[in-house]
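Colleague: Quick one: structure below, then a few questions.
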Amino acid sequence: MEYLRNPGLWLSACLTEAAAIFVLSVIPSIAGGINGGPVAHCLAYSTLSCTTGIFLILKKISWGLAKAAASAALYGGCIELVQYFIPYRSCKFGDFEINCIAALAGMAMAAILRPFLTARQLR
């Protein structure tokens with residue numbers, strides 16, 4: 001389980017998630033709206049915030065969890081602005097609010113996982 005302490009693993013996860021969020025945010029709605037709506041926003045931005053938080057924890061960045069949540073929320077805001085210019089997508093302040101709340105939830109999850117990832121020995 002030592003590989004879970006590898007910051008590169010978590011950086012890869014962050015970048016993959018950010019890319020997936022971007023792609024799913026600029027394509028037309030998938031059947032059933034799976035790439036839109038409150039549930040999709042919660043899953044996307046809580047996961048992005050959590051993995052970014054774990055990456056910053058492992059890199060020993062001060063205020064890493066707060067920075068992770070802020071960056072995930074800011075990314076969500078940027079995505080909403082991009083969607084403003086795409087005719088088949090919509091820019092909604094409510095979506096941005098959900099992104100911010102989800103980013104805080106992801107930060108909380110990373111805080112819960114911190115002791116397990118920073119313990120002297122992983123089992």
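Colleague: Tell me which residues, restricted to segment 76-102, are among the aromatic types (Phe, Trp, Tyr) and in contact with a helix residue (DSSP H, G or I) (Cβ under 9 Å, 6 or more places away or on another chain).
Modeller: 93, 96
Colleague: If you don't mind, there's one more thing I want to ask. Applying the selection to segment 70-90, what residues are open to solvent by 60 Å² or more (accessible area, probe 1.4 Å) and not in a helix (DSSP H, G or I)?
Modeller: Result: 85, 87, 88.
Colleague: Let me ask another. Restricting to segment 4-42, and then to whatever is open to solvent by 60 Å² or more (accessible area, probe 1.4 Å) and among the polar types (S, T, N, Q), can you tell me which residue is farthest from residue 88 (Cα to Cα)?
Modeller: Applying the filter and picking the extreme gives 6.
The values are calculated or read from the model by the stated rules, or taken from the named source; none is laboratory data. Quantities reported herein were computed from a predicted structural model and do not represent experimental measurements. Reconstructed Cβ throughout: ideal geometry from the backbone, glycine too, with neighbour counts over all protein chains shown. All accessible areas refer to the heavy atoms of the entire protein, side chains included, with ligands and DNA or RNA removed. Shrake-Rupley method; radii C 1.70, N 1.55, O 1.52, S 1.80 Å.
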